[in-house]
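*Asks:* The structure follows.
The values are calculated or read from the model by the stated rules, or taken from the named source; none is laboratory data. This is a predicted model, so every value here is computed, not measured. So basically every Cβ, Gly included, is an ideal-geometry build from the backbone, and we count neighbours across all protein chains shown. Ligands, DNA and RNA are excluded from the accessible area calculation, which covers all protein heavy atoms including side chains. Shrake-Rupley method; radii C 1.70, N 1.55, O 1.52, S 1.80 Å.
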Amino acid sequence: MDAMMLRVGLEERGIPFEMQVLHHGDVAMAFARREGTFSSQPLPDMILVDLNIPGYSGSEVLKQLSGTPAFRTVKIGVFTSSNDPRDEAFSRQNGAQFYLNKPMDLEGLDRLSERITRLLGLSREDAG
């Protein structure tokens, strides 16, 4: 549901994007390790990690991503419902370059979309 809301927010802002959602930590780790079907996929511009995914934890996925040389040019952040400063500090210590809270309403979704636009280095003209 969170990914669907994010997709809608980005589409409404006119941000050009492709989104791939990995619903399980095991699949996310295969992606991070560039294994199997992920070995030849192009690197994304941005990766959002949910700390509460099943299988490998989001923090383990985050550590793997940030420790993989291939991902050095990729913006890697956490996408979470937690507002706990300890979670943000932990995420940053484990490789997150940014920390995004999941929106609870349409106004929050608009703020999130604007922040992603800035993180990707897009201007309003690029996004519309």
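*Asks:* What percent does the relative contact order of the chain come to when contacts are Cα pairs within less than 8 Å and at least six residues apart?
*Replies:* Relative contact order for the chain comes out at 26 percent.
*Asks:* Rounded, prolate or oblate for region 50-128? Axes are the square roots of the Cα gyration tensor eigenvalues, ordered a ≥ b ≥ c, and the cut-off for rounded is a/c under 1.5.
*Replies:* Note, shape of region 50-128 comes out oblate.
*Asks:* Now for a different question. Percent relative contact order of region 30-71, based on C-alpha pairs within less than 8 angstrom and at least six residues apart?
*Replies:* That works out to 40 percent.
*Asks:* N52 to D2: extension gain in nm, 0.36 nm per residue of separation minus the Cα-Cα distance?
*Replies:* Numbers: separation 50, 0.36 × 50 = 18.00 nm, distance 1.23 nm.
Extra length available between N52 and D2 comes to 16.8 nm.
*Asks:* Where does helix 106-119 land angle-wise versus the long Cα axis of the chain, in degrees 0 to 90, nearest 10?
*Replies:* Rounded to the nearest ten degrees, it is 60.
*Asks:* Considering only G58, G36, G108, give the residue with the highest GNM mean-square fluctuation for the chain, with springs between Cα atoms whenever their separation is below 10 Å.
*Replies:* G36
*Asks:* Next up: Given a 1.4 angstrom probe, I'd like the percentage of the accessible area of region 1-102 that is carbon and sulfur, rounded to a whole number.
*Replies:* 50 percent
*Asks:* Show me, for region 85-90, the HN-Hα J-couplings you get by feeding each phi into the Karplus relation (A = 6.51, B = -1.76, C = 1.60, θ = phi - 60°), rounded to Hz, glycine and proline as x.
*Replies:* x, 5, 5, 5, 4, 4
*Asks:* Keeping every protein chain present and rolling a 1.4 Å probe, give me the accessible area per residue for the chain in Å².
*Replies:* Numbers: 7530 Å² over 128 residues.
Heavy-atom SASA per residue in the chain reads 59 Å².
*Asks:* Would you mind classifying region 1-44 by shape? Square roots of the alpha carbon gyration tensor eigenvalues, ordered a ≥ b ≥ c; an a/c under 1.5 is rounded, otherwise it is prolate if a/b is larger than b/c and oblate if not.
*Replies:* Here region 1-44 falls in the oblate category.
*Asks:* Whats the longest run of the chain with zero trypsin sites (Lys or Arg not before Pro) that are DSSP loop and have at most 13 other Cβ atoms within 10 Å?
*Replies:* 1-71
*Asks:* Subtracting the Cα-Cα distance from 0.36 nm times the residue separation, let me have the gained length for F17 to A70 in nm, one decimal.
*Replies:* Details: separation 53, 0.36 × 53 = 19.08 nm, distance 2.07 nm.
Answer, rounded to one decimal: 17.0 nm.
*Asks:* Can you send over the solvent-accessible area of D105, 1.4 Å probe, protein chains only, in Å² to the nearest 10?
*Replies:* 80 Å²
*Asks:* Under the rule of at least 5 residues apart or a separate chain, name every residue whose amide H is placed under 5 Å from the amide H of V49.
*Replies:* Residues meeting the criterion, in which the H sits 1.01 Å from N, are G77, V78, F79.
*Asks:* Once both axes come from the Cα atoms, what is the angle between helix 2-13 and the longest principal axis of the chain, in degrees from 0 to 90, rounded to 10?
*Replies:* 40 degrees
*Asks:* Rounded, prolate or oblate for region 31-73? Axes are the square roots of the Cα gyration tensor eigenvalues, ordered a ≥ b ≥ c, and the cut-off for rounded is a/c under 1.5.
*Replies:* prolate
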